[in-house]
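The values are calculated or read from the model by the stated rules, or taken from the named source; none is laboratory data. Nothing here was measured: the structure is a model prediction, and the numbers come from that model. Here the Cβ is made from the backbone with ideal geometry for all residues, glycine too, and neighbour counts use every protein chain on show. Quick note on the areas: whole protein, heavy atoms, side chains included, nothing else; ligands and nucleic acids left out. Shrake-Rupley method; radii C 1.70, N 1.55, O 1.52, S 1.80 Å.
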Amino acid sequence: MSFPSPDLPDEITVQAGRSVDLELPSYAGSGYSWSVEAPTGTAIADAVLRPLGNAPAGPPPQEPGVTEPPDLVLVPDQLTITGRSPGVTRCRLTLRRRFDPDPPAAQHDVRVTVVP
């Protein structure tokens, strides 16, 4: 896996009351998932993360009782950032396996500027 994607911006600007969607690369069946952390105590922006779809079903096994591991299929997540009030804040995106104590596979900070 190659993360973070060069398509993820370092900065976004959004108007108060409007939203911006970012697509986050993710592989279905890999065990990795994104989380988003925004600074607490700010009312500048909201961030909501949701999957954009499900992994397609693979072909049935060729022999009874034998299954192949699933292929890694790109099934992105969508991050929606909604401006609430003018100001600047930061969202930290982290890709990790929830059960894995190792460092995350990727982290990416996005500076969010909300304009009137």
* To do: Among residues belonging to the range 57-84 that are open to solvent by 70 Å² or more (accessible area, probe 1.4 Å), under 28 Å from VAL20 (Cβ atoms) and in a loop (DSSP other than H, G, I, E, B), point out the one that is modelled with the lowest pLDDT.
  => LEU72
* Check whether at least one residue in the range 48-55 is out of contact with any Asp or Glu (no Cβ under 9 Å at 6 or more places or on another chain) and at pLDDT 85 or above, and report yes or no. => yes
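Of the residues that sit in the range 91-116 and are open to solvent by 80 Å² or more (accessible area, probe 1.4 Å) and modelled with pLDDT of 90 or more, which one is nearest to TRP34 (Cα to Cα)? Let's see the steps before the verdict.
In the first step, residues of the range 91-116 are kept if they are open to solvent by 80 Å² or more (accessible area, probe 1.4 Å); the result is 98-99, 101-103, 107, 111, 116.
With modelled with pLDDT of 90 or more added as a condition, the list becomes 111, 116.
Numbers: ARG111: 17, PRO116: 29 Å.
Checked the range 91-116; the qualifying residue nearest to TRP34 (Cα to Cα) is ARG111.
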